[in-house]
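The values are calculated or read from the model by the stated rules, or taken from the named source; none is laboratory data. Predicted model only: the values in this text are computed from it and were never measured. Cβ coordinates were reconstructed from backbone atoms using ideal geometry, including for glycine residues, and neighbour counts include every protein chain displayed.
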Amino acid sequence: MLAEADAWRARDLSVVWHPCTQMREHPHTLPLVPIARGDGAWLIGHDGTRYLDAVSSWWTNLFGHAEPRIGAAIATQAMALEQVMLAGFTHAPAVELAERLLAIAPRQQGRTPLSKVFYADNGSAGVEVALKMAFHWFHNRGEHRRTKFIALENGYHGETLGALAVGDIPLYRRVYAPLLTEALFAPSPDAYLAQPGESAADCAARAAEALATLLDQHAGEVCAVIVEPRVQCAGGMRMHHPDYLVRVRELCDASGAFLIADEIAVGFGRTGTLFASEQSGVMPDLLCLSKGLTGGFLPLAAVLATETIYDGFLDDARERAFLHSHSYTGNPLACAAALASLDIFRADYVLARNRATARAMAALAEPLAAHRHVADVRQAGMMLAFELTRDGDKATPFPSASRIGLKAYRAALSRGVVLRPLGDVLYWMPPYCVDEEQLQMLADVTRAAIDEATA
Ligand code: PMP
């Protein structure tokens, strides 16, 4: 069986170019792991080795791998209708999913609920849709000066050029900078950046003031502010106080800019509530969803918009319409998977169960907070992160050349756990089906991985 895994590795490396990977590091520095099947929180190799998927396969998987109810829904849909273009045509899964997403989307007193769904086929494409919609809406009104976006420092919204332009992670952005449209960046409300004596709420208030100033400086020029509510995920699972989004909502209203909430990573229960914006009692003008939308089975994105935004495109002129299109927009199989995933939330009382799981995660993480290389342990629901530094304080990050994260990844993988760090941040973001025994293993392996990486 090992021979089978080796054969897949060799065949792979001769033809496949992997994402987010310096291919030079395969096969020696970084072992390529062929996976034969998935089962709940486990990924299983050809030799039978089991890996606990502590990062939910890039935050996509919700209820475990090969979840039979979602698999069955896709199979049934595949036998009826696998794909039809969504321009000029429609199908039941797209309609039903839109109805159900709008029914559960964040609401805010005094605001008319989100009322239209535009589909795309991955997270970055969803972000592109939201950005273009915001810009185009003002363009249709003749507000041609509104061409700018405000995003947050250390934010991430995807890798296509438009999404990358509002992202602020140098590793992904720097090389392509000459190709990117210019965005304005406001300070992150990240509570890890709190100054001595400052609470997370103070830190959020300070960042909001800076955003207010930026909006003032560019009065009448900003079409939207885009944020990842509650957690800047790719930025190292950095978390902020829910008050921040409340202020952003107020500032957007005062300046006339739209608020785009990118809940691609934090949506569908990751932060404890179904959507992170709920913790602030805020409804955005545009809500981007993807990743867990299909339970992690198929690529799909949905951008939920207000009626005001939708109305801004209704006209006799074709170019005033939102012509953005992807071939697989609203694919029936992906929509069927998403509907099955929403059913599971209800049938299995997922959010209630997650509250207990999140408490267990907190208890298991607590002893690690005292580790001499752990500067911070932070949690938002089913997301929990450890910030590793040389002396266990914020002032002494490891030099990037020491590649602590990579070492921890290898150490954890050799012990049967997939922990794929973000820099020197290790995090737990397991499928919701994770059980106590698996969490205990996760905690034990995390400690061993930190010890080995920092030895
Ligand atoms: N926004 C956020 C907040 C994300 O975390 C990601 C993916 N990590 C994206 C957008 C892009 O999604 P995709 O990878 O599906 O393009």
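Here are the numbers for this structure:
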read-out	value
Residues (of a type outside the set (A, V, I, L, M) and either more than 11 Å from the ligand (Cβ to nearest atom) or within 9 Å of Ser124 (Cα to Cα) (or both)) located in the range 148-162	Lys148, Phe149, Glu153, Asn154, His157, Gly158, Glu159, Thr160, Gly162
Any hit, the range 344-352, residues being of a type in the set (Phe, Trp, Tyr) and surrounded by fewer than 15 Cβ atoms within 10 Å (Cβ to Cβ)	yes
Lone qualifier among Glu182, Glu198 - being part of a loop (DSSP other than H, G, I, E, B), more than 16 Å from the ligand (Cβ to nearest atom), assigned by TED's automatic domain parsing to the domain that holds Gly267 and surrounded by fewer than 14 Cβ atoms within 10 Å (Cβ to Cβ)	Glu182
In the range 404-428, the residues that are farther than 30 Å from Pro196 by Cβ and in a loop (DSSP other than H, G, I, E, B)	Ser414, Arg415, Gly416, Leu419, Arg420
Of all residues making up the range 267-279, the number that are near the ligand (Cβ under 10 Å from one of its atoms) and either outside the structural domain of Val117 (by TED's automatic domain parsing) or in contact (Cβ under 8 Å) with a residue 40 or more places away in the chain (or both)	0
Failed condition for Val282, given (1) outside any helix (DSSP H, G or I); (2) touching a residue at least 40 places away in the same chain (Cβ under 8 Å); (3) within 16 Å of the ligand (Cβ to nearest atom); (4) surrounded by 24 or more Cβ atoms within 10 Å (Cβ to Cβ)	(3)
Exclusive hit being within 16 Å of the ligand (Cβ to nearest atom), among the aliphatic types (A, V, I, L, M) and assigned by TED's automatic domain parsing to the domain that holds Glu209, set Ile169, Ile104	Ile169
Residue count for the range 113-132, restricted to those that are away from the ligand (no atom under 16 Å from the Cβ) and surrounded by 17 or more Cβ atoms within 10 Å (Cβ to Cβ)	2
Those helices (runs of 4 or more DSSP H) lying entirely in the range 67-172 with at least 2 residues more than 16 Å from Ile264 (Cβ to Cβ) and over 25 Å from the mean Cα position of the chain (by Cα)	68-80, 123-140
